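A.B. asks: I'd like to ask you about the structure that follows.
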Amino acid sequence: MSPRNAATRVSGMVERPPGFCYRESKDSRGRGSALYCENVSLNHLAKQYGTPLYVYSTATIRARLSAFEKAFRHFPHTICYSVKANSNLSILRLLARAGCGFDVVSGGELERVLRADRRGARKIVFSGVGKSADEMLMALKAGILLFNVESESELSVLAECAARLRKEARVALRVNPDVDARTHPYISTGLHKHKFGIPIASARSLYAQAAGIKYLKVAGVSVHIGSQITDVEPFAEAVTRVADLIRQLSADGHTIELVDVGGGVGIAYEQREVDFADHVARYASGVTGPLRELKVHLLLEPGRAIIGPAGVLLTSVLYRKRNDGKRFLVVDAAMNDLMRPALYGAYHEIVPVDIKSETEPQEVVDVVGPVCESGDFLGRDRNLPPVEEGDLLAVLDTGAYGMALASNYNTRPRPAEVLVSGKSAKLIRRREKVRDLLSTEL
Ligand code: LLP
């Protein structure tokens, strides 16, 4: 078995190196290829742990993180991985060991990070439009790096919490730069009509207010304009506006040390990614360019770009079905396991784990789950080689916002998760049981 050239397509199937590549398989079926995660066969994992199953590649996570580190090497920075994209403790531990900080948006995420990395607090930023007083108290006690505050009311609650504990809270205001991120409307956040941030024009007066409050320390400016953004221009535009604001704030007498540029770097769901290192390098020059003259430390909050292509969702075909002319593959994963197609109409490439022959004719199918909603599809009108009941499919690029958005709709237990590293595979979350779901009900 030898890994194919990473750039090849197998029967039109695009691979995701270094994590997911086809290898020639000389099993009982004779000639063919099978999809691997690093050196572990996905067939093997499905047999061992069942499906639906999320599988993640350590090599991919590390490679993407190093691409970020490399692209920003000339600018003082900290990568604060956005926990919401995938919050599994083992993934957080892996990232913490690689030197990451974290962006959290709830007390629950904060607890996860502290569990994964006891000494991680000084690299945590707390974002989110509705932090509660309890969550702020918890973060203050932990001694986090920065609160990204989103309103005047939130600022005063933070001031009360800090005063109560007599602990200083480092504050950035999250400004809304009124920049169009040109992404899906549900994940665009940087326009004035969105609930996020403080209009950039009103920021100066709120900074003046914050500076006068005991136990609050004005430390930074933060911005996040949305997610799955594939152009560099919106980022560069937002940071240019932030840089102008920082010059004004400095003239007003504030010391702005930290600039948090949020997350949002998009990935190529539909076609093979242009070289990721190039992509991040372009992003890096777009966001650092406007900040060159300012003496600031950059905070980056990527989520999807680090973990998205590092995960696949494995699912088994339960039934083949034909309604009039339309063909369906009913699989054992559903919208509760992977919500993105139902919620955003998102596209995820779906590939068979076993390719029997590269010359097989393809058929057009809808890949759907067992949930009782027409919105329960993983892919529509997909060209796939004929697959049989019992065959395995892999839904690609599901490392981010896959398991993180999974629910128990239809009383379906959530999938297990496995983390692969080279030849080894570790179960990092066991499959839920119906018993787990019922255990909170009285
Ligand atoms: N920072 C803040 C303040 C955020 O709100 C987000 C994402 C991130 C960082 C990370 O963004 P990323 O680098 O992952 O794009 N469920 C949606 C995505 C929602 C993103 C919410 N905020 C999806 O599945 O596409």
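The values are calculated or read from the model by the stated rules, or taken from the named source; none is laboratory data. The shown structure was predicted, so the numbers you read here are calculated from the model rather than taken from an experiment. Cβ: placed from backbone, ideal geometry, glycine included. Neighbour counts: every protein chain shown.
A.B. asks: Taking the options Gly325, Gly303, name whichever one is of a type outside the set (D, E, K, R) and modelled with pLDDT under 95.
C.D. replies: On inspection, the qualifying residue turns out to be Gly325.
Residue-wise test of (1) over 24 Å from the mean Cα position of the chain (by Cα); (2) within 14 Å of the ligand (Cβ to nearest atom); (3) in a helix (DSSP H, G or I); (4) not assigned by TED's automatic domain parsing to the domain that holds Ala400.
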| site | (1), (2), (3), (4) |
| --- | --- |
| Ser156 | yes, no, yes, yes |
| Glu160 | yes, no, yes, yes |
| Ala163 | yes, no, yes, yes |
| Val171 | yes, no, no, yes |
| Val175 | no, yes, no, yes |
| Ala201 | yes, no, yes, yes |
| Val218 | yes, no, no, yes |
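A.B. asks: So His279 fits all but one of (1) more than 14 Å from the ligand (Cβ to nearest atom); (2) more than 16 Å from the chain's Cα centre (by Cα); what number is the exception?
C.D. replies: Checking His279 against (1) more than 14 Å from the ligand (Cβ to nearest atom); (2) more than 16 Å from the chain's Cα centre (by Cα), the one that fails is (1).
A.B. asks: Still on this structure, please answer the following. Taking the stretch 290-324, which residues are more than 16 Å from the ligand (Cβ to nearest atom) and more than 24 Å from Val395 (Cα to Cα)?
C.D. replies: Listed by number, the residues that qualify are Pro290, Leu291, Arg292, Glu293, Leu294, Lys295, Val296, His297, Asp324.
A.B. asks: So, one more: Among the listed residues Asp134, Asp117, which satisfies the condition of being more than 15 Å from the ligand (Cβ to nearest atom), farther than 25 Å from Lys195 by Cβ and of a type in the set (Asp, Glu)?
C.D. replies: Asp117
A.B. asks: Looking only at residues in the stretch 346-389 that are touching a residue at least 12 places away in the same chain (Cβ under 8 Å) and among the small types (Gly, Ala, Ser), which one is surrounded by the most Cβ atoms within 10 Å (Cβ to Cβ)?
C.D. replies: Selected residue: Gly369.
A.B. asks: Moving on. Of the residues Asp134, Asp103, Asp117, only one is assigned by TED's automatic domain parsing to the domain that holds Ala219, among the acidic types (Asp, Glu), in contact with a Gly (Cβ under 8 Å, 6 or more places away or on another chain) and under 24 Å from Val418 (Cα atoms); which?
C.D. replies: Being assigned by TED's automatic domain parsing to the domain that holds Ala219, among the acidic types (Asp, Glu), in contact with a Gly (Cβ under 8 Å, 6 or more places away or on another chain) and under 24 Å from Val418 (Cα atoms) holds for just one of Asp134, Asp103, Asp117, which is Asp103.
A.B. asks: Further question: Only one of these conditions is not met by Leu299: (1) surrounded by 21 or more Cβ atoms within 10 Å (Cβ to Cβ); (2) assigned to a helix (DSSP H, G or I); (3) within 20 Å of the chain's Cα centre (by Cα). Which number is it?
C.D. replies: The failed condition is (2).
A.B. asks: Under 8 Å between Cβ atoms, at least 6 apart or on separate chains: pull out the pairs that start in the stretch 119-146 with a residue that is within 15 Å of Ala162 (Cβ to Cβ) and end on any residue that is of a type in the set (Lys, Arg) and part of a helix (DSSP H, G or I).
C.D. replies: Correct list of pairs: Leu137/Arg164; Gly143/Arg122; Ile144/Arg122; Leu145/Arg122; Leu145/Lys123.
A.B. asks: Looking only at residues that are in contact with a Pro (Cβ under 8 Å, 6 or more places away or on another chain) and more than 10 Å from Asp337 (Cβ to Cβ) in the stretch 395-420, which one is surrounded by the most Cβ atoms within 10 Å (Cβ to Cβ)?
C.D. replies: Gly399
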